1. Need pairs with beta-carbon distance below 6 Å; first residue in the same structural domain as Ala134 (by TED's automatic domain parsing) and in contact (Cβ under 8 Å) with a residue 24 or more places away in the chain and within region 83-109, second hydroxyl-bearing (Ser, Thr, Tyr) and within 16 Å of ligand 1 (Cβ to nearest atom); sequence gap 6+ or separate chains.
2. Give the number of residues within region 210-230 that are away from ligand 1 (no atom under 16 Å from the Cβ), hydrophobic (A, V, I, L, M, F, W, C) and open to solvent by less than 50 Å² (accessible area, probe 1.4 Å).
3. Given the criteria surrounded by 24 or more Cβ atoms within 10 Å (Cβ to Cβ), in the same structural domain as Ala56 (by TED's automatic domain parsing) and among the small types (Gly, Ala, Ser), does Ala171 qualify?
4. Check Asp204, Asp178 and return the single one that is within 13 Å of ligand 1 (Cβ to nearest atom) and of a type in the set (Asp, Glu).
5. Looking only at region 78-102, count how many residues are part of a helix (DSSP H, G or I), within 30 Å of Ile122 (Cα to Cα) and open to solvent by 30 Å² or more (accessible area, probe 1.4 Å).
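The values are calculated or read from the model by the stated rules, or taken from the named source; none is laboratory data. From a predicted model like this one, the values you see are computed outputs, not experimental measurements. Cβ coordinates were reconstructed from backbone atoms using ideal geometry, including for glycine residues, and neighbour counts include every protein chain displayed. SASA here: full protein model, heavy atoms, side chains in, ligands and nucleic acids out. Shrake-Rupley method; radii C 1.70, N 1.55, O 1.52, S 1.80 Å.
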Amino acid sequence: MPTLLSPEEIATQAGSEASPNRLPSPRVFAGRAERLRSLAPGHAMADFLAFAARLAEAQQTLLDRRGPTTPPDEAQLRRCRQHGMPPLDAHGAALPADWMAVLHDLATTVVPHAPTGLKNAIAALPDFPEERLAALARAILRGDENLSNPVELALAPLIGASLQVLWTAAALGLATTDIPTGFEGGQCPACGAPPVASIVRIGDAGHGVRYVTCSLCACEWHVTRIKCVPCQNTRGIAYQALEGASGPAHRAVRAETCPDCQASLKIVSMETDPAVDAFADDLATLSLDMLVDEAGFQRAGRNLFLFLP
Ligand code: FE
Ligand code: FE
């Protein structure tokens with residue numbers, strides 16, 4: 001028997017329809033895993049993409065087991081909305097008590113599938129000092145990790161993956177209306193982390209609407225097209241794409257470059273390929289970053305499966 005919605009329910013639903021923010025899909029990691037698997041065959045980084053698919057699959061299993069995290073209390077959420085502060089702030093946050101267990105679970109699941117260069121480091125994770133792992137995790141959350149040690153470099157994607165599980169679970173505990181609005185910049189309104197890339201969506205989210213995808217919690221926020229995400233400039237924005245031996249390669253991915261701040265952020269288009277995933281397609285188009293870098297632009301996106309010395 002149908003029942004009437006309460007005024008609060010009506011207000012919440014109207015709010016979420018009008019919100020410029022999108023919560024992650026509860027199946028976000030499974031979607032990434034599938035996309036990574038389909039991009040791997042024949043790719044120059046096939047082994048790494050196949051490994052990344054396994055890692056994303058393991059993330060989904062842990063996310064399913066964990067379920068949405070209890071959100072911050074209503075007073076805190078209200079303060080964040082009023083002051084435009086991300087309610088799941090990653091920068092100064094303490095690591096959840098069971099973070100280490102999530103990390104070890106991921107390591108155990110993916111170690112048999114790790115490429116040769118990563119296998120030994122991942123297998124030796126239990127012997128790695130916990131304080132150093134925690135320091136590395138906090139540095140990754142702040143975005144100021146300094147990785148020259150080869151073992152730390154090999155472990156960083158795993159640490160990044162564990163943090164994504166925790167922050168995505170936390171995001172799934174929120175309602176869309178809990179996330180502050182009015183952001184069109186380079187920081188996630190839910191957690192404050194930088195984007196991985198942006199995506200032009202089709203279907204339920206409005207045809208041709210562009211969202212920026214968070215590198216950490218997988219929330220998305222709306223940013224008008226033809227606009228530099230880091231600095232908001234709209235003049236002189238240009239697009240770079242990969243050219244293969246026989247015409248355009250990876251047609252659904254372009255780099256949006258800004259002449260003002262010299263930043264470059266990828267834009268992946270569901271209009272061109274409905275199966276794109278901002279995170280997976282970013283990882284599969286690093287050759288585009290190299291070309292854009294040679295042209296003098298700095299990569300503004302951050303991919304937590306990818307760390308360079
Ligand atoms: Fe986020
Ligand atoms: Fe800019």
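1. Hits for this filter: Val102/Ser162; Leu103/Ser162; Leu106/Ser162.
2. Number satisfying all stated conditions: 1.
3. It is true that Ala171 is surrounded by 24 or more Cβ atoms within 10 Å (Cβ to Cβ), in the same structural domain as Ala56 (by TED's automatic domain parsing) and among the small types (Gly, Ala, Ser).
4. Only one candidate passes the filter, namely Asp178.
5. Of the residues in that region, 2 qualify.
Listed here are the residues, each with its yes/no results for (1) surrounded by 11 or more Cβ atoms within 10 Å (Cβ to Cβ); (2) modelled with pLDDT under 95; (3) in contact with a helix residue (DSSP H, G or I) (Cβ under 8 Å, 6 or more places away or on another chain); (4) over 20 Å from Thr109 (Cα atoms).
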{"residue": "Thr3", "(1), (2), (3), (4)": "no, yes, no, yes"}
{"residue": "Ile10", "(1), (2), (3), (4)": "yes, yes, no, yes"}
{"residue": "Ala14", "(1), (2), (3), (4)": "yes, yes, no, yes"}
{"residue": "Leu23", "(1), (2), (3), (4)": "yes, no, yes, yes"}
{"residue": "Arg37", "(1), (2), (3), (4)": "yes, no, yes, no"}
{"residue": "Gln59", "(1), (2), (3), (4)": "yes, no, yes, no"}
{"residue": "Asp73", "(1), (2), (3), (4)": "no, no, no, yes"}
{"residue": "Gln76", "(1), (2), (3), (4)": "yes, no, no, yes"}
